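In what follows, a structure is listed as structure tokens, so that the remarks can point back to it.
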Amino acid sequence: MVGCQSEKTESVPTAKMFRIQVSTPENVQADESFDVHSSVVNNSNSTWEMEHGAGMFTYEVYDQKGQLVQLDDKERFVDAIGYVVTLDPKAAYNYDEGEHVSSSYNELSLKEGSYTVISKAKFNVKKDGKEYDIELKSKPFKINVD
């Protein structure tokens with residue numbers, strides 16, 4: 001048909017088709033726990049079947065000198081559970097770990113100062129009977145702790 005155009009869908013999923021969107025509280029106090037919330041956003045025009053484990057999102061925190069900050073020394077017990085979700089084009093998906101991670105990865109507590117945080121996500125995408133491992137990193141974002 002002349003004049004009809006459909007949006008192109010991608011044949012193989014790649015990390016470039018996704019991004020991490022992050023939100024944090026505006027006011028963070030020293031030595032008080034706060035949550036960082038991350039979502040995977042599907043930037044493609046395709047619908048994907050996504051699988052992930054209970055520890056889908058993890059976080060790296062760097063101090064003003066660029067040194068990696070040891071977040072805590074807690075042991076974490078992570079259930080060997082898997083989730084399957086459908087992620088539509090341009091949609092976002094977040095997962096808060098629920099009761100499946102004994103000490104949440106997204107719960108942080110920092111000393112006073114300025115920090116750079118990077119959110120990381122690991123998941124698979126299934127397409128035509130094949131699994132594609134996807135690993136993402138968010139853009140670095142700043143947190144000021146008073």
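No value in this document is a laboratory result; all are computed from the given coordinates. None of these values were measured; they are calculated from a predicted model. Here the Cβ is made from the backbone with ideal geometry for all residues, glycine too, and neighbour counts use every protein chain on show.
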Checklist line | Charge tally in the Cβ shell below 14 Å around Ile118, where Lys, Arg are +1 and Asp, Glu are -1, Ile118 excluded | finding: +3
Next item on the list: Within the set of other residues whose C-beta is less than 13 Å from the C-beta of Asn144, count the net charge using Lys and Arg as +1 and Asp and Glu as -1.
Entry: -2
Notebook entry, point to check: Taking R0 as 22 Å, what's the FRET efficiency between Val85 and Glu131 from their Cβ-Cβ distance, rounded to 0.05?
Noted result: 0.90
